[in-house]
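Data block below; observations after.
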Amino acid sequence: MREAGVGATLASAPVAERALAPMHVAHLGLVPYARALDLQRAVARARISGDIAQDVLLLLEHPPVVTLGRSSKAKNLVASPAMLAARGVELFEAERGGDVTFHGRGQLVGYPIVNLREHRQDLHWYLRQLEEALIRALRTIGIASERSEGRTGVWTDGRKIASIGVHARDWVTWHGFALNVSTDLSYFDLMVPCGLAGVRMTSVAKELGPSAPELASVEDIVAESFGEVFSRAPTMLAPDSLSEMLVHA
Amino acid sequence: MATKVTMEALSPTMEEGRLVKWLKAEGDAIAKGDVLAEVETDKAVMELVARGAGVLRARLAAEGDTRPVGELLAVIAEKDENIDAILKKAPAPAVPASSAPSAPSAPSASSASSASSTVVPQPTASTPPSHPNGGGRARSSPLARRLASSRGLDLGTLQGTGPGGRIIRLDIDAAASTELSGAPTAAAARTAAPVMRAAGDSEDIPLTQIRKTIARRLAESNGPIPTFFLTADFDLTSVRELRAQMIAMGDEFKVSYNDILIKAIATALSQHPEVNAHWLGDSIRRHHRVHLGMAVAVDDGLITPIIADADTKRISEIARESRELAKRARERKLAPEEYTGATCTVSNLGMFGIDEFTAIINPPEVAIFAGGAGGDVPVVLDGTLAVRTRVRITMSCDHRAVDGAMGARFMQTLRRLIENPLMLVF
């Protein structure tokens with residue numbers, strides 16, 4: 001399934017036409033939040049030092065976890081830590097921007113480690129580009145989505161389908177976006193998502209019903225649109241090669 | 001040598017940032033590259049990284065504080081270094097960077113690290129220049145001299161840390177790094193050359209953030225944007241009658257000419273998405289909703305609050321909203337979402353007696369409308385001289401997106417609406 005997607009990606013990228021710099025895309029599967037955080041920081045450090053010369057996009061899923069961004073207000077977490085534990089949900093405080101959010105199976109999490117010095121030193125621009133990549137990917141899937149002025153994220157018909165929160169050091173980013181593909185949306189009842197009262201969450205599966213694509217194909221589509229928006233050629237990177245790059249870094 | 005830590009711009013348009021977390025405490029030892037704090041804008045957090053080593057001597061903002069870009073947030077220095085001079089120059093909390101010294105001593109006083117030149121005006125403006133090198137020629141390495149000249153630094157103001165107090169590359173780096181973040185630089189300060197002049201001859205007004213943004217944005221506009229202008233006279237006779245009738249009924253809605261023009265322009269924009277558009281460099285984004293920016297003069301510049309969905313609002317709503325927005329704009333109480341995201345903009349200088357003018361496009365918008373003063377003028381109608389109330393409106397068009405005929409067609413639609421204001425009511 002994944003191979004087919006990558007084949008299609010390569011076929012549709014006429015390399016000779018325009019030599020775009022490559023962007024490593026690593027499909028990591030299910031990764032616990034803490035481990036993913038360590039990995040992101042390691043990749044970011046290597047990106048800052050120049051040991052990794054290209055932008056990297058980590059694509060993965062997390063086991064159920066609630067994370068609090070830097071702007072989190074306690075009242076936006078409705079559930080007590082005990083209630084979270086009872087549902088098997090971990091709780092983390094993360095250094096990203098934004099308020100509280102949930103990650104879990106069926107949600108495509110993307111952590112772009114991008115050196116903005118090679119794009120634009122503008123975090124607002126970066127946030128808008130992330131939105132653009134997701135909007136384009138959703139359009140390919142058949143979902144019309146849009147931005148909502150002053151509310152970073154991607155929305156479809158007033159419902160939030162993807163959340164965004166980023167962090168940067170020396171203009172190298174980590175953290176990123178979370179796109180609900182087939183997420184169990186009831187988890188969002190444990191909190192006020194993003195600190196925005198009255199926000200309804202949705203997912204690709206909820207919008208499209210039985211015809212919704214699987215997470216794996218959504219990953220490929222997102223990688224593709226990400227490359228398009230950031231003018232990079234997505235090239236698949238096996239998790240092993242990623243570890244290897246970090247060992248040598 | 002002390003290193004200033006200032007609020008950094010996380011994006012070119014950012015004017016202030018919120019310090020969300022301190023990662024170092026006062027008294028902590030700091031190595032170059034250490035993460036001191038985190039600053040947030042929108043949903044992005046950026047780390048503030050130490051550009052010099054020493055001890056974190058002072059933290060000048062609390063977690064949760066919002067500070068203007070360029071403002072001093074912390075000082076890193078040696079444990080026993082005297083940092084009083086730097087702290088004294090730190091702005092009082094929550095006061096945006098503004099006044100700067102114009103005293104002849106300005107270049108030497110702190111040009112090496114004028115991160116935020118907000119100086120409390122001192123009665124003794126002629127503070128003796130604090131040349132660490134005693135005013136004599138500073139000893140320096142050739143590399144340091146070259147770097148200093150390329151970065152616009154005055155060697156005389158630097159304290160060398162090399163052998164025998166020699167200024168070396170590291171000193172230049174440290175001095176240059178304290179000048180990052182867009183604050184007035186040594187080069188800028190140096191232009192205030194120590195020439196003889198009497199106080200009161202002139203007044204140096206430092207650039208405020210809003211002034212810098214206006215300058216940069218509008219230069220950006222009139223430079224690369226190929227602009228042309230379309231001017232037309234619009235007959236306000238019907239609008240005047242409409243207003244006269246409303247006033248006769250008690251002027252319940254307090255609708256002004258300007259409110260009616262805003263409604264007319266918004267309505268025309270809804271019919272001409274090619275004008276209600278943004279130029280994105282590699283594409284043109286046509287907007288289906290009309291969010292009309294309305295230029296409002298404020299004390300230190302202008303700001304364009306937005307009437308969202310202006311085409312679908314009743315004129316009385318526009319009147320109420322525009323009054324409210326203008327009032328809050330002058331009080332500087334607008335939330336960012338109230339002045340960002342306009343699809344097109346209207347400016348009006350009629351109240352200043354300006355007959356007509358051309359306004360500068362606010363990119364990425366592709367047009368702007370400039371309204372002059374309406375008034376009675378003699379016109380020839382069917383071969384007879386008559387007096388009509390007219391207003392002149394000039395449309396500035398970004399030719400990359402709007403062509404002459406396209407703009408002219410827009411003006412035709414606008415004429416139809418303004419001259420038949422009943423169209424705006426239904």
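The values are calculated or read from the model by the stated rules, or taken from the named source; none is laboratory data. All of these numbers come straight from a predicted model, not from anything done at the bench. Ideal geometry is used to build each Cβ from the backbone, glycine not excepted, and the neighbour counts take in all protein chains shown.
Some points to look at:
- Residues within segment B:58-73 that are surrounded by fewer than 21 Cβ atoms within 10 Å (Cβ to Cβ) and not small (Gly, Ala, Ser), tallied: 5
- With respect to the stated conditions, residue A:47 fails to be in a helix (DSSP H, G or I), basic (Lys, Arg), free of Cβ contacts under 8 Å to residues at least 40 places away in the same chain and under 22 Å from residue A:227 (Cα atoms).
- Residue among A:113, A:143 that alone is under 26 Å from residue B:287 (Cβ atoms), in contact with a strand residue (DSSP E or B) (Cβ under 9 Å, 6 or more places away or on another chain) and β-branched (Val, Ile, Thr): A:143
- Failed criterion for residue A:173 (all others in (1) at pLDDT below 95; (2) buried (at least 21 other Cβ atoms within 10 Å of the Cβ); (3) among the β-branched types (Val, Ile, Thr) hold): (1)
- Every residue from segment B:66-88 that is over 22 Å from residue A:171 (Cα atoms) and outside any strand (DSSP E or B): B:78, B:79, B:80, B:81, B:82, B:83, B:84, B:85, B:86, B:87, B:88
- Complete set of residues in segment B:12-40 that are touching a His at 6+ places or on another chain (Cβ under 9 Å) and buried (at least 21 other Cβ atoms within 10 Å of the Cβ): B:14, B:38
- Within the option set A:30, A:39, A:84, being touching an Asp or Glu at 6+ places or on another chain (Cβ under 8 Å), crowded, with 20+ Cβ neighbours inside 10 Å and not charged (D, E, K, R) holds for one residue only, A:84.
- The single residue among A:184, A:99, A:157 that is surrounded by 16 or more Cβ atoms within 10 Å (Cβ to Cβ), among the acidic types (Asp, Glu) and out of contact with any strand residue (DSSP E or B) (no Cβ under 7 Å at 6 or more places or on another chain) turns out to be A:99.
- Identity of the residue in segment B:346-405, charged (D, E, K, R) and not in a strand (DSSP E or B), that ends up modelled with the lowest pLDDT: B:400
- Single residue of segment A:95-132 satisfying the filter (touching a helix residue (DSSP H, G or I) at 6+ places or on another chain (Cβ under 7 Å) and of a type in the set (Gly, Ala, Ser)) that is nearest to the other protein chains (Cβ to nearest Cβ): A:98
- Of the strands (runs of 3 or more DSSP E) contained entirely in segment B:198-295, those carrying at least 1 residues that are at pLDDT 80 or above and farther than 22 Å from residue B:409 by Cα fall at B:292-294.
- Residue check, residue B:60 under 24 Å from residue A:175 (Cβ atoms) and modelled with pLDDT of 90 or more: no
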